[in-house]
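The values are calculated or read from the model by the stated rules, or taken from the named source; none is laboratory data. Bear in mind the structure is a predicted one, so any value in this text is a computation, not a measurement. Neighbour counts are summed over all protein chains in view; Cβ atoms, including those assigned to glycine, are modelled from backbone coordinates with ideal geometry. The accessibility values were calculated without ligands, DNA or RNA, using every heavy atom of the protein model including side chains. Shrake-Rupley method; radii C 1.70, N 1.55, O 1.52, S 1.80 Å.
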Amino acid sequence: MKKVISTTKAPAAIGPYSQAIDAGSMVFTSGIIPVVPETGEIPEGSVSQARQAFKNLSNLLEAAGSSMDKVIKTTVFIKEMNDFAAINEVYAEYFNEPYPSRSCVEVARLPKDVMIEIEAIAEK
């Protein structure tokens, strides 16, 4: 049985999808972008955007009864591979060993023209 997870502490869905799905023992998030939920603003620069995206992801996982420590797999979409090292440093601020498995992909464009989007699979 799947249950929709929704929180005002992460950007609202901007289409026909859920912020996250609780699938019993697992949580699957949609792509999380660096929108400040309270204001709708997007921080400037890849590092600030990465921090906001990870903060939003953390808030969403918390709403689902999970946490960053329970993340098993992430997929990170970035607009510019030259930002990889800086985003990787921010990534390390939010995850502890053993680190989740991860894919990182450069993409041509992301929603709202942000520089990063992250999705995760986590245990509950």
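With all protein chains in place and a 1.4 Å probe, the accessible surface of segment 1-96 carries 52 percent carbon and sulfur. Backbone amide hydrogens, once placed in the peptide plane, bring C104 within less than 5 Å of V76, excluding anything fewer than 5 places away on its chain. Over 21 Å apart at the Cα level, from the set K2/K70; K70/K112; K3/K79; K79/K124, are K70/K112; K3/K79; K79/K124. Highest mean packing first, where packing is the average number of other Cβ atoms within 10 Å per residue, the peptides 94-101, 40-47, 109-116 line up as 109-116, 40-47, 94-101.
Solvent exposure of segment 1-73, expressed per residue, is 52 Å² of accessible area, with all protein chains present and a 1.4 angstrom probe.
In the assembled protein chains, K55 presents an accessible area of approximately 110 Å² (probe radius 1.4 Å). Beta-bridge orientation, the chain: approximately 75 percent antiparallel, per DSSP, counting only bridges with both partners inside.
Counted by Cβ distance under 14 Å from S18, the other residues give a net charge of 0, where Lys and Arg count +1 and Asp and Glu count -1. Among S103, S67, S18, which one shows the highest mean-square fluctuation when the chain is modelled as a Gaussian network with alpha-carbon springs under 10 Å? Its mean-square fluctuation being the largest, the pick is S103.
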